[in-house]
Structure formats: C-alpha cells, structure tokens
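Q: Have a look at this one.
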Amino acid sequence: MFQGALRGVKVTRNRVRLSGGADWQADFRRRTTGRAPRSAMEIATVRRMLNHTLTELKRAIDGHSVAAAADLYALAWQQAAGAPPSETRQQRALLQSYKEILASRRWQEAERLQASSSAPPVPSSRPGRTTAAPPRPPSASRAQKQKPVRSSQQQGPTTRTVAPRVQPPARPVPAAAAAERPSRQAQPALLEAARLHEIATGLRPLLEETAKTGATTSWPLIRKRLPGLGRLHPDDESVILWLVDEDRQEGEPLLAALVTTGNRQMHPRFPVIAEQLGLPCGTNTTQQQTTWSYEILRVHQHWRYRRR
C-alpha cells in the first residue's frame, strides 16, 4: 500500500520517484486537454486529407516505391495527429496494416535493392596503368632502422634491432568500485505528436489482449512485445496512455490501469491520467488505490468475453 501523496517528490515503499515534482502534471495537461478544440469542419478536413494520403500510400506500396511510401507513411501519421484519436479510428487501423507491409522482410529486401541500384558507381582505375604505392610514413622507417652497437668481444660493429617501447596495460577497475559509481543515464527526448499517436495505436490492441487474460503489464514488458519501441520519456508514456484511453468507446474502463510498476503496484501517474479522462481518483493515497483496484476489476470483466 502507498504511504505518501502523489504530488511532490516523496519516495515511499513501492513507489517510483518522479522527476520534476508537479511540473510534469502541468505539462501533461497542456499536451492533452490544453490543445485547441477542433470543430466538425476541421475534423472533416483532416479526415479528407488523411484519406487522400492513404490512397497515395497504397499506390506507392503497390508500385514498390520505397522512398515515396516512407514519406507518405510519416505524413499520414502527422495528419492523424491533427484530430482526436476517436475520429480517425479507421484510418489508423489501415495505417497499422500498411506498417506491417513496410516492416516485412520482402519490403526490406526491395528497399535494399533500390538503395544499391541508386548508389553512385565507384570509379575504377584504367587497365594497363599501375598505381604508385603510397609513400611509407617516416615513423615506420625510423622504427625499422637498425642501430649499430659496439661489442668488446667482436672486431667489427654489430647491429641489433631496437624494439618499440610497449605501454603497460591499464589496470582493471575493481567490480566493487565500478558498482559504487552511479549510472547517470540521460532521459530520452520527447517525441513528436505523430509518433505518439502511432505508438498509442499499436499499444491499444496489446493492452486489450492483456485485459482478456486478466493480467497486468509494465513498460519494460511492453517494450519487449512491441518491436522497435525503445525507452520513452516518462512524460511521453503518460501521453501515450491518455491517447489509448481517449480512443475508447463510451462506457469502457481505462486500459491505462493495467500498466503498473515493476512490483505490480499502481503506477504513480495513473491518478492524473485518470482525472484527465474524467475518472476522479480522490485526493489521498487510499482513495487512489481503491479507485485503481476497482478499475482493474472493471477492465478484466469488460474484456474477458469480448471479441474484437
């Protein structure tokens, strides 16, 4: 059970420290509900442009135009980010099917063939002409130069080769000392809105399958199941979960409740995400924990017998 408040930088047992205190909450609200609302005409315009881009993308895929397909795929996600996820559900599902084609082995082989055919030819030397060898560096000639040495037991001078001085190997750092050094890994950069929408579209089916099995998950497990997904900024993770549940049907529970910490405890950012989605979680830890546990129960019951 949690023993501290969500806001601030307090760290208690089974809690995760959040950098920035309450600053991320203000930025999270700005990146989600702080955007300008879209009118029905604007949403229709976005959908019309997106449908046109998808048509051109289908033609590029049928014609095996690798470069054009990659540009149109990125453009389509930028256009999809201009409208709420619930308004572009069919278009994003079509983009997911195109993503499987672009990530297939056959398409990657076609991409390599086109890249090799468009590469500039390597200039070759004319036949019958010899190329002069490059001059030997002065350091190499000095290293091979023999130094005469006088010997008292011989009549004439003898020669010997002077071996280069070898630097002693560096002493290995003890494992205990290396463990004492803190590993300061920089946070990943924030992603663009188009990339966030793309990740959220691929994450929702994974969370639905997790709900059907009556289990929970975490971001390390999500990265293992979603190929190509690297480590994300914690603020981007919160926005992605908000996008996943913003795409839900009316009355559906929040799939974001299934994303827990490593010890299967409530993620400390869940109350803020839930409040932005219209689910108040209370002000103290006990109320937040109770709301989260009940929401997980609702998610499991909702998706247990449901077919897609």
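Bear in mind these aren't lab numbers, they're just calculated from the coordinates by the rules spelled out. Just so it is clear, the structure is predicted and the values come from calculations on it, not from any experiment. Note: ideal-geometry Cβ built from the backbone for every residue, glycine included; neighbour counts use all protein chains shown.
Q: Quick one: length gained pulling MET49 to ALA74 fully straight, 0.36 nm per residue minus the C-alpha distance?
A: Details: separation 25, 0.36 × 25 = 9.00 nm, distance 1.36 nm.
The MET49-ALA74 span can extend by a further 7.6 nm.
Q: May I ask you to compute the full-extension gain from ALA67 to LEU102, defined as 0.36 nm times their residue separation minus their alpha-carbon distance, rounded to one decimal in nm? Display every interim value, and only then the final one.
A: Values: separation 35, 0.36 × 35 = 12.60 nm, distance 1.10 nm.
Length difference between fully extended and current span is 11.5 nm.
Q: What does the net charge come to around LEU255 if you take all other residues with beta carbon closer than 10 Å to its beta carbon, with K and R at +1 and D and E at -1?
A: Value of the local net charge: -3.
Q: Per residue of the stretch 112-117, in order, report the coupling 6.51 cos²θ - 1.76 cosθ + 1.60 (Karplus, θ = phi - 60°) as ³J(HN,Hα) in whole Hz, putting x for Gly and Pro.
A: 5, 5, 5, 5, 5, 6
Q: Go ahead and collect, in residue order, the members of the stretch 215-240 whose backbone nitrogen is under 13 Å from a label point 7 Å along the Cα-Cβ direction of LEU190.
A: Within reach of a label on LEU190: 233-240.
Q: If you don't mind, there's one more thing I want to ask. Taking 0.36 nm per residue of sequence separation and subtracting the Cα-Cα distance, how much length would be gained by fully extending the chain between ALA110 and LEU229, in nm to one decimal? Don't skip to the end; give the middle numbers.
A: On the way: separation 119, 0.36 × 119 = 42.84 nm, distance 2.35 nm.
Full extension of this stretch gives 40.5 nm more.
Q: Pop the C-beta distance of ARG298 and ASN263 into the FRET formula with R0 = 25 Å and round what comes out to the nearest 0.05.
A: Result of the calculation: an efficiency of 0.65.
Q: While we're on this one: Please state the Cα pair-distance histogram of the stretch 202-308 with 10 angstrom bins from zero: what percent is in each bin?
A: 14, 52, 31, 3
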